[in-house]
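Laboratory data are not the source of any read-out in this text; all were calculated from the coordinates shown. The model shown is predicted, which means the values in this text are computed figures rather than measured ones. Positions of Cβ are backbone-derived with ideal geometry, glycine not excepted, and every protein chain shown enters the neighbour counts.
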Ligand SMILES: [Zn+2]
């Protein structure tokens, strides 16, 4: 008995984790850098992020795409998760991002070094990713830390198709939570069933203490356009940078449908309600 236990302990875990293993690692953890084991989401799509921040790996036989990098501290665990799934870091060819805040892009510089991948960015996120600093128009400017500067090699556009091996991902400009907020869509198949996956960026109206959305009419207009757009997206399987914002873990373990209609509409409606509530609060404290 002792001998077999020793053998089991010596063999490193491989492949995606069970939900039980995920819970053992993550229950009670509230930080953004707490290492989580990798999870299989659907088809060629995996979550290699931390307990509370999503990082997606979309794989093909000719190179992979990574979306987001969590915090700088999380980079080693993200790299370890990719390898645990049986993929080579050097096969990660492209990296994309949701938005330019340290909890989602802080690990990208280090992951670029480890993989050699090319970073893609919208023009609206380019300077921030290159410098590690927030844009002055960001509602959170001045209130959150910067992040390690990365090196953008591909400039994206709205409704832009990115190809890697047989993969095709589309990038969408969805400003609001941050000026450079970007959402992503792709098709993924499993057992002959194909779905449209939407990695919709954060839609929460979070700001620095003195910031007033009501004083930034054009920004709020763009934010509302984003909410309308996300609400109407073709969307079979929604994933969000903060897993809790779309009950991602609960859906992965079957407590709610992983694939199904209305996920993006509900997510956008929540964002709209929170933005309306924030504007009402500002109007009441003129
Ligand atoms: Zn953010």
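Some values worked out for this structure:
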| quantity | calculated |
| --- | --- |
| Beta bridges by DSSP in the chain, antiparallel share as percent, to the nearest 5 | 70 percent |
| Global form of the chain, assessed from the alpha-carbon gyration tensor, a/c cut-off 1.5 | prolate |
| Distance (nanometres) between label positions extended 7 Å along Cα→Cβ at residue 208 and residue 24 | 4.5 nm |
| √(5λ) per eigenvalue of the Cα gyration tensor, the range 150-218, largest first, Å | 31, 16, 10 |
| Most mobile listed residue (110, 190, 21) in the chain, GNM with C-alpha springs under 10 Å | 190 |
| Model label zone, residue 155; criterion: amide N under 19 Å from point 7 Å along Cα-to-beta-carbon; scope the range 167-189 | 171-175, 179-183 |
| Relative contact order (percent, whole number), the chain, Cα cutoff 8 Å, 6+ residue spacing | 13 percent |
| Contact order normalised by residue count of the range 156-286, Cα under 8 Å, 6+ apart, percent | 21 percent |
| By average C-beta atoms within 10 angstrom, highest first, the peptides 265-272, 22-29, 101-108, 50-57 | 101-108, 50-57, 265-272, 22-29 |
| Label point distance in nm, residue 114-residue 191, each placed 7 Å from Cα along Cα→Cβ | 3.2 nm |
| Radius of gyration and maximum dimension Dmax of the range 134-252, Cα, Å | 16.0, 52 |
| Anisotropy class of the range 215-286 from Cα gyration tensor, a/c 1.5 cut | prolate |
| Antiparallel bridge percentage (DSSP; both residues within the range 92-242; nearest 5) | 70 percent |
| CD proxy at 222 nm, helix term only [per DSSP H run n ≥ 4: -39500 (n - 2.57); per residue of the chain; nearest 500] | -9000 deg cm²/dmol |
| Cα-based shape type of the range 73-175, given that a ≥ b ≥ c are square roots of the gyration tensor eigenvalues and the cut on a/c is 1.5 | oblate |
| Extension gain, residue 61 back to residue 40 (0.36 nm per residue minus Cα-Cα distance, nm) | 5.9 nm |
| Selected from 249, 95, 78 as most flexible by GNM, with the chain as the system and alpha-carbon contacts under 10 Å | 249 |
